[in-house]
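Since every read-out is calculated from the coordinates, none of them should be taken as a lab result. Not measured: the values here are computed from a predicted model. Here the Cβ positions follow ideal geometry from the backbone for every residue, glycine too, while neighbour counts run over all protein chains shown.
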Amino acid sequence: MKNPWKKLSSEVKYENPWIKVEEDKVINPSGGNGIYGKVLFKNKAIGIVPLDDSLNTWIIGQYRYTLDEYSWEIPMGGGPGHLSPLEGAKRELKEETGLSAQRWRQILRIHTSNSVTDEEGFVFIAEDLSQGDTSFDETEDLLIRKISFAEAVKMVMDGIITDAISIAGILKVEKILIEEGRFGK
C-alpha cells in the first residue's frame with residue numbers, strides 16, 4: 001500500500017548508545033500539518049523460551065526502571081546489529097541463565113509498539129539445554145527461576161507476566177507445543 005504520510009523534515013531530539021529520538025514535521029493522511037515523534041532502537045530485542053525435556057522453562061525477575069516495578073520475563077536482551085538475531089539469542093540465554101542450547105528455532109518476529117518505535121524483536125525456542133555459568137551485565141540484578149512451562153502460561157494468563165515479548169513468546173510456544181502434541185489438551 002502507498003504511504004499516506006509525507007515527511008517534511010526530521011530532527012534528532014535525543015540520542016544515547018541504545019536509542020535515538022526523532023521528531024518529524026509531517027503532512028498527515030488527511031492533509032494536515034503535524035509532528036510525529038519516533039524512538040529508534042540501535043539493537044534488536046531478543047527473547048528466548050528455553051525448554052528442557054520435562055517442559056520446564058526459565059524466567060527472569062528484575063526491577064524495570066522504566067515501569068518502576070518488578071517484572072517477570074523470559075530471558076531477553078538487546079541484540080547488537082552486527083550479530084544475527086540467533087547469535088544474539090545464544091549470547092543472551094548464556095548471559096542471563098548460564099544455559100546453552102543445541103537446538104534453536106525462531107518462532108516470532110514482533111514489533112513491540114509500532115506507533116511510536118521501530119523496535120523489532122525476535123523470539124526463539126531453545127532446547128537440548130546444558131547448564132553453565134551466568135555473566136550478568138552491570139545493569140542487571142536478576143532472579144532466575146526454573147518453572148514448569150504450564151506455570152509460565154498461567155503467569156501470563158493471570159497477568160503476572162506483562163512484558164509484551166514474553167507474553168507473545170510464551171503463548172506462541174504453547175500453540176506450537178499443542179500442535180506438536182507435547183503439551184495441553
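Amide H to amide H distances under 5 Å link Glu119 with Phe41, Thr112, Ser113, where only residues 5 or more positions off or on other chains count and H is placed in the peptide plane.
Placing +1 on each Lys and Arg Cβ and -1 on each Asp and Glu Cβ, with no other charges, gives region 84-185 a dipole about its Cα centre of roughly 640 debye. Near the amide H of Gly79, within less than 5 Å, lie the amide hydrogens of Lys44, Ala45, Ile46, all on another chain or at least 5 residues away, with H placed in the peptide plane.
Angle check, please: helix 85-97 long axis (alpha carbons) against the longest principal axis of the chain (alpha carbons), in degrees 0 to 90, nearest 10. So the helix axis and the longest Cα principal axis differ by about 60 degrees. For region 11-100, what log10 I(q)/I(0) values come out of the Debye formula at q = 0.12, 0.25 1/Å, with one point per alpha carbon and no solvent? Here log10 of I(q) over I(0) equals -0.56, -1.21. Fewest-first ordering of Ser71, Ser30 by other beta carbons within 10 Å of each residue's beta carbon gives Ser30, Ser71. Please go through the residue pairs Lys38/Lys146; Lys13/Lys172; Lys20/Lys94 and name each one whose alpha carbons sit more than 30 Å apart in this structure. Checking Cα-Cα distances, Lys38/Lys146; Lys13/Lys172 exceed 30 Å.
For region 24-34, backbone phi angles converted through the Karplus equation (6.51, -1.76, 1.60; θ = phi - 60°) give residue-by-residue couplings of 9, 8, 9, 10, 7, x, 8, x, x, 6, x Hz, Gly and Pro being listed as x.
When Asp137, Asp24 are arranged by Cβ crowding within 10 Å, least crowded first, meaning fewest neighbours, the order is Asp137, Asp24. Among residues other than Gly47 with Cβ under 14 Å from its Cβ, the summed charge is -1 (Lys and Arg +1, Asp and Glu -1).
Extension gain for Arg103-Val12 works out to 28.6 nm (0.36 nm per residue, less the C-alpha to C-alpha distance).
The modelled label-to-label distance for the pair Asn3/Asp133, using points 7 Å beyond Cα in the direction of Cβ, is 4.9 nm. Helix 164-179 and the longest principal axis of the Cα set of the chain meet at an angle near 50°. The relative contact order of the chain, computed from alpha carbon pairs under 8 Å that lie at least 6 residues apart in sequence, is 21 percent. Share of Cα-Cα pairs in region 88-185 beyond 21 Å, in percent? Tail of the P(r) past 21 Å holds 42 percent of the pairs.
Kindly identify region 75-116 as rounded, prolate or oblate by the Cα gyration tensor criterion: order the square roots of the eigenvalues as a ≥ b ≥ c, call it rounded if a/c is under 1.5, otherwise compare a/b with b/c, prolate if a/b is larger, else oblate. The shape class here is prolate. Per residue, the convex hull spanned by the alpha carbons of the chain comes to 161 Å³.
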